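The values are calculated or read from the model by the stated rules, or taken from the named source; none is laboratory data. These numbers were taken from a predicted model, which means no experiment stands behind them. For neighbour counting, all protein chains shown are included, and Cβ atoms are generated from backbone atoms with ideal geometry for every residue, glycine included. Note: accessible area is taken over every heavy atom of the protein model, side chains too, but ligands, DNA and RNA are not part of it. Shrake-Rupley method; radii C 1.70, N 1.55, O 1.52, S 1.80 Å.
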Amino acid sequence: MPLNPEIRWIDTAEALDAACAEVADADVIALDTEFFRENTFHPVPALIQFAADGPAYLVDPQAVGCTEAFRRLLSSGPVKLLHASSEDLEVFAHWAGVAMAPLIDTQVAQSLLGEVPSMGYQKLVKFWVGETLPKDETRSNWLLRPLSETQKQYAAMDVVYLLEVWERQRERLEQLQRMEWLEADCGELVAQATRSEAADGQWYLRHRQLWRLSPRQIEAFRRLTIWREGEARRRDLPRGWLINDRLLYAIAEKLPENRYELAQVEDLKPSLIKREGDELLRLVREALHADEGLLPPAMPSPLAPEFKKRVKAVKRVVNAEAEDLGLAPEVLLRRRDVEALVTADLGEDALPLPGGWRGERLNADMVSALEAVS
């Protein structure tokens, strides 16, 4: 791969469509984005980069909107190659309005090849290609125009080397017979990009102190996070700018019934109470009057001996399998998934067992391990 590839700047719909036509027959297209997200909920795209076997195309999304030809390219046809794609998928979903498919994420690919599950792009290029990429433009203001030649080179390198990295990863994955694993994992990334835990009302489950709350307090926190999610999206504000998780948790903990009680919540500013107080109290009131049978279950304490015992039993299974495969344990099962499994087991609910290749490798042994400590 050349250190100084041909770079084409694209700032018209005609130029974007012409670039799409040039790469339409490629097997693989590498993509990346630069974006800004400090004071908005939705990412503000600053640059879209893509390349196949020829030039690196740099698209200025401030000057040109996504065209139908580019939407078709993103949603069908060649494999789309990205690294650490979750935020990029958000950018493309917001800018282009389509789900990307088929997708290969080189960070996910690397996680299936060794014990470093989240290798950054520079390290990945160094590992597979032996080149050291500059980091000088990492914190550039990509919204400023015109971009410097150094910025353009940096942006081009983000897609040019990705193609070479993937060729070498793919060869190794095929040797290990793990291509189907990668395709399944990347398919799940696409599925996750089209749904939102927060939008589906599941954001509240991320909080690690839910076990300290009663079912009615958990219900209040759930309703508050759903409201915050909808408003953050509607107003295009970062979640924390509207109200952060810590304050929502404190409100759910106190279950205030009036403005005076709401004002007693530590660090809740009068300006926020004035602006959002009525809505916050309405949501708490709904939780207070919710039918007992519809409340979420109480969460087991992670400090309890029976919880710790089950977590250790599941982790033993995961660690043994990870060692056998030469993978990091969290590639097989994340900590939050282990805890969700144990929580369901203690509550005598259906176990949220993993599907796909992970389920085939883990489920029977995990169920046996949980039964053995019950």
Task: Number of the condition not met by Arg72 [criteria: (1) crowded, with 19+ Cβ neighbours inside 10 Å; (2) farther than 18 Å from Thr138 by Cα; (3) among the charged types (D, E, K, R)] - done: (1)
- [ ] Kindly establish whether Ala101 is open to solvent by 10 Å² or more (accessible area, probe 1.4 Å), in contact (Cβ under 8 Å) with a residue 60 or more places away in the chain, under 21 Å from Arg170 (Cβ atoms) and part of a loop (DSSP other than H, G, I, E, B).
- [x] yes
Open item on the list: Residue under question is Lys126, and the condition is that it be out of contact with any His (no Cβ under 8 Å at 6 or more places or on another chain) and within 30 Å of Asp324 (Cα to Cα); does it hold?
Closed with: yes
TODO: Say whether the condition of being open to solvent by less than 20 Å² (accessible area, probe 1.4 Å), under 30 Å from Leu333 (Cα atoms) and either modelled with pLDDT of 95 or more or hydrophobic (A, V, I, L, M, F, W, C) (or both) is met by at least one residue in region 125-137.
DONE: yes
Open item on the list: Among the residues of region 77-84, are any of a type in the set (Lys, Arg) and either farther than 21 Å from Leu162 by Cα or surrounded by fewer than 18 Cβ atoms within 10 Å (Cβ to Cβ) (or both)?
Closed with: no
Task: Boolean, Glu90 is among the charged types (D, E, K, R), open to solvent by 10 Å² or more (accessible area, probe 1.4 Å) and under 13 Å from the mean Cα position of the chain (by Cα) - done: yes
Task: Qualifying residue in region 134-144 (condition: within 22 Å of Phe35 (Cα to Cα) and part of a helix (DSSP H, G or I)) - done: no
Open item on the list: Quick check on my filter: what residues within region 28-48 are surrounded by fewer than 18 Cβ atoms within 10 Å (Cβ to Cβ) and closer than 22 Å to Ala84 by Cβ?
Closed with: Phe36, Arg37, Glu38, Thr40, His42
Task: So Ala287, is it of a type outside the set (Val, Ile, Thr) and either closer than 18 Å to Ile226 by Cβ or buried (at least 18 other Cβ atoms within 10 Å of the Cβ) (or both) - done: yes
